[in-house]
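The values are calculated or read from the model by the stated rules, or taken from the named source; none is laboratory data. All values reported here derive from a predicted model rather than from experimental measurement. Quick reminder, even Gly has a Cβ in these numbers, built from the backbone with ideal geometry, and neighbours come from all protein chains shown.
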Amino acid sequence: MKRPVRLEPGQKLVLTANRLLDGRTVWWCADGTWNLHIGCAALLDADEAEALLSRASEQAQRDGVVGVYDTAVQAVVPPEPVTVREKIRAHGPTVHPEFAVETEQ
Amino acid sequence: MSIPVGHYQYDPIDRDFLQARIAEFEGQVQRRLDGTLSEDEFKPLRLMNGLYLQLHAYMLRVAIPYGILDSRQLRKLGEIARRYDRDYGHFTTRQNIQFNWIRLEDTPAILRELAEVDMHAIQTSGNCIRNVTADEYAGAAADELVDPRVHAEILRQWSTLHPEFTFLPRKFKIAISGSPNDRVAARFHDIGILARPGADGAPVFRIFVGGGLGRTPIIGEELFDSVREEHLLATLEAILRVYNARGRRDNIYKARIKILVQAIGVEAYREAVEAELAQMDLERYRLTPEAVAAIRSRFAVPQLEAPADADAVLAQQRRDDPLFDRWVRSNTHVHRDPGHIIATVSLKPAGGIPGDATSAQIARLADLADAYSFGEIRITHLQNVVLGHVRKDRLRDLWLGLSEVGLAEANIGLIGDIVACPGLDYCALANARSIPIAQKLGARFADTALQAEIGALRINISGCINACGHHHAGHIGLLGVDKRGEEFFQLTVGGRAENGAAIGTILGAALPEDETVDAIARLVDCYLGRRESGETFLDTLTRLGHEPFREAAYETV
Ligand code: HEM
Ligand code: SF4
């Protein structure tokens, strides 16, 4: 089922999902928590990501998230998703700058 | 005002049903939260209650049956936007409203609040018969032959939780109009119904089947020319049965009725429906004049009284105020009563988000509806709002009131009246963002004098092939495509949803997002430069063919 991941140089994978309670986009952090901010997302190599992804999916209910998957980011600080879709998930709708995720606590 | 005009009055049975349904959903949400239900198990249940999971949050789609609301209901929608969302709502092309920032745990409370004003989110999703849409000028327009709301309500009652049609092969959309001028895109629906008076005065119905947009756009074909009122429900039941039995369930992209009609041909479909009718108990489905009258009696009728000089007052005000005059020209429609007029409130401010309204605007619209239009509001399939019965001598006061909350844009039917789906800013299925392109086009053509000069020109934008923004039906259509993670737009021209329905023709290769607005501006310039007197964009396009427009769009300077 799993599609092969081809990462360009300078790219890593992060895990993302939506929070069960409110549907908000969250990112998996190295301390095992899920956070609204992509800044804390753990940067993973492909094989690392595969193992963590299956563990995170098994634990999704307990962690209060749905639909866990991985996506490629540029490994900069903070990490920046490669696709427009994931950029919008990370930062919020482009048409409402006042809802920028960065400005939330 | 005791009972609101415009829509059907619920009775205790309807209300008990809604409460039972909410209690059921509340239990389902509880079981989802405690883990008894998995996401896979819960998803179809939440969709049946209008709750989607989008990119940033849950989205709740609330049904507005045939697009008609009373001010109390609209006020409630504004309160929900303020309390449970981020202070705004989005009106859709299916005359519904969507809230974009909903919390799962709040949903039962929101549904309770909606039920207080006889509203719900049932049949806004899933493979059932969806909310029936109707002409936004129903019961008001001078050109109307039959008020479609009574039959729209009959269809709503027939289709709500219809046990046989809860798990159709795919979603099913019905639209009904009673005007010779199709304002519901009847030929782009699974079933489109056009009502007209029959010889004996009772309405007869022309029925189209198998229209649709999406990845396979198809114009509906006429199944029957004149179905008598008493046989309307039996006929629809038979059409649905044939589809339910024979529509494809193996491939989601081939599951709509349009694919079945194309596969077997409309004649074979008609024969199958007739065969079904021949073995049905027609008596059970007979729509008697008494039954219709009983439904009609649940609609309060506005008492249309206007002073004798109402028309003269309006004429004078238009002469005195050119800005008001421009708004009247684009944003009103002739009412059946000479002292009244239909006003369309544009939710397309230049540079704004098509179809969005803030809770403050929603509240003001409710107040203005109370003051000027019997407390009745209609949502249009082009994402605007109609106040159906405004006294002519009070129209200017209404316009001034709208101006105070930024709702007096004079652009209905013009290039600024853009239809756009939520696109990649919200939608989990999107390829590209629809709203920013709409905003850029709106800003580019912000000048209302220029818009009036350009004349009738409809731009429709969808963020993916699902076509929620009806791009195939736009005079100019834009479809978002994804090329290696970048946003591109494919341009079509010549689509139309009104009489003479047509699917737009693709002009050429998709353009990068940042070249799209310029290309459209060149298309418009091409039309302005070459049109003959009195021609609209579609007229010029028809006369000249696509080639000059293709050249203009792809010309690189
Ligand atoms: C944001 C969440 C939405 C999702 C996930 C969604 C999903 C879809 C899908 C999958 C289809 C294609 C169905 C098919 O061809 O079988 C579709 C069609 C359609 N949707 Fe949406 N949609 C969304 C929002 C909207 C909005 C906001 C509108 C109104 C502006 C809308 C109105 C329509 C219409 C009119 C069609 C095409 C007509 C037809 O069914 O042939 N949808 N939608
Ligand atoms: S057309 Fe595509 S992008 Fe737009 S709302 Fe529909 S599914 Fe989403």
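Computed quantities for the displayed model
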{"read-out": "When residues of segment B:98-121 are limited to those that are in contact (Cβ under 8 Å) with a residue 24 or more places away in the chain and of a type in the set (Asp, Glu), the one farthest from ligand 1 (Cβ to nearest atom)", "value": "B:GLU116"}
{"read-out": "Given (1) under 25 Å from B:ILE102 (Cα atoms); (2) within 11 Å of chain B (Cβ to nearest Cβ); (3) not in a loop (DSSP other than H, G, I, E, B), number of the condition A:ALA72 does not satisfy", "value": "(1)"}
{"read-out": "Segment B:456-474 residues that are within 17 Å of B:PHE537 (Cβ to Cβ) and within 14 Å of chain A (Cβ to nearest Cβ), paired with ones that are among the acidic types (Asp, Glu) and near ligand 2 (Cβ under 9 Å from one of its atoms) (beta carbon under 6 Å, 6 or more apart)", "value": "none"}
{"read-out": "When residues of segment B:413-424 are limited to those that are outside any loop (DSSP other than H, G, I, E, B) and at the interface with another protein chain (Cβ under 10 Å from one of its Cβ atoms), the one nearest to ligand 1 (Cβ to nearest atom)", "value": "B:GLY423"}
{"read-out": "Restricting segment B:209-239 to residues that are aliphatic (A, V, I, L, M), surrounded by fewer than 24 Cβ atoms within 10 Å (Cβ to Cβ) and within 16 Å of ligand 1 (Cβ to nearest atom), the residue that is farthest from B:ASN499 (Cα to Cα)", "value": "B:ILE218"}
{"read-out": "Residue in segment B:425-443 that is in a loop (DSSP other than H, G, I, E, B), within 14 Å of chain A (Cβ to nearest Cβ) and either of a type in the set (D, E, K, R) or within 18 Å of B:LEU382 (Cα to Cα) (or both) present", "value": "yes"}
{"read-out": "Tally, over segment A:75-105, of residues that are polar (S, T, N, Q) and within 11 Å of chain B (Cβ to nearest Cβ)", "value": "2"}
{"read-out": "Residue in segment B:120-128 that is within 16 Å of ligand 2 (Cβ to nearest atom), under 22 Å from B:ARG21 (Cβ atoms) and buried (at least 23 other Cβ atoms within 10 Å of the Cβ) present", "value": "yes"}
{"read-out": "Considering residues of segment B:78-107 that are away from chain A (no Cβ under 14 Å) and within 16 Å of ligand 2 (Cβ to nearest atom) only, the residue farthest from B:CYS427 (Cα to Cα)", "value": "B:GLN95"}
{"read-out": "Selection count where residues are surrounded by 22 or more Cβ atoms within 10 Å (Cβ to Cβ), assigned to a loop (DSSP other than H, G, I, E, B) and more than 14 Å from chain B (Cβ to nearest Cβ), scope segment A:16-42", "value": "0"}
{"read-out": "Selection count, segment B:187-227, where residues are in a loop (DSSP other than H, G, I, E, B), touching a residue at least 24 places away in the same chain (Cβ under 8 Å) and under 19 Å from B:PRO289 (Cα atoms)", "value": "2"}
{"read-out": "Verdict on B:HIS56 being in a strand (DSSP E or B), more than 18 Å from B:PHE172 (Cβ to Cβ) and within 14 Å of another protein chain (Cβ to nearest Cβ)", "value": "no"}
{"read-out": "Matching residues, segment B:474-492, being more than 16 Å from ligand 1 (Cβ to nearest atom), assigned to a strand (DSSP E or B) and either within 21 Å of the chain's Cα centre (by Cα) or among the aromatic types (Phe, Trp, Tyr) (or both)", "value": "B:ILE476, B:PHE488, B:PHE489"}
{"read-out": "Residue selected from segment B:455-473 under the condition in a loop (DSSP other than H, G, I, E, B) and more than 13 Å from ligand 2 (Cβ to nearest atom), by the criterion surrounded by the most Cβ atoms within 10 Å (Cβ to Cβ)", "value": "B:ARG458"}
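Per-residue answers, yes or no, for (1) under 22 Å from B:ARG296 (Cβ atoms); (2) assigned by TED's automatic domain parsing to the domain that holds B:LEU194; (3) more than 16 Å from ligand 1 (Cβ to nearest atom); (4) surrounded by fewer than 21 Cβ atoms within 10 Å (Cβ to Cβ):
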| site | (1), (2), (3), (4) |
| --- | --- |
| B:ALA141 | yes, yes, yes, no |
| B:VAL150 | yes, yes, yes, no |
| B:GLN157 | yes, yes, yes, yes |
| B:PRO163 | no, yes, yes, yes |
| B:PRO169 | no, yes, no, no |
| B:PHE172 | no, yes, no, no |
| B:ILE176 | yes, yes, no, no |
| B:SER179 | yes, yes, yes, no |
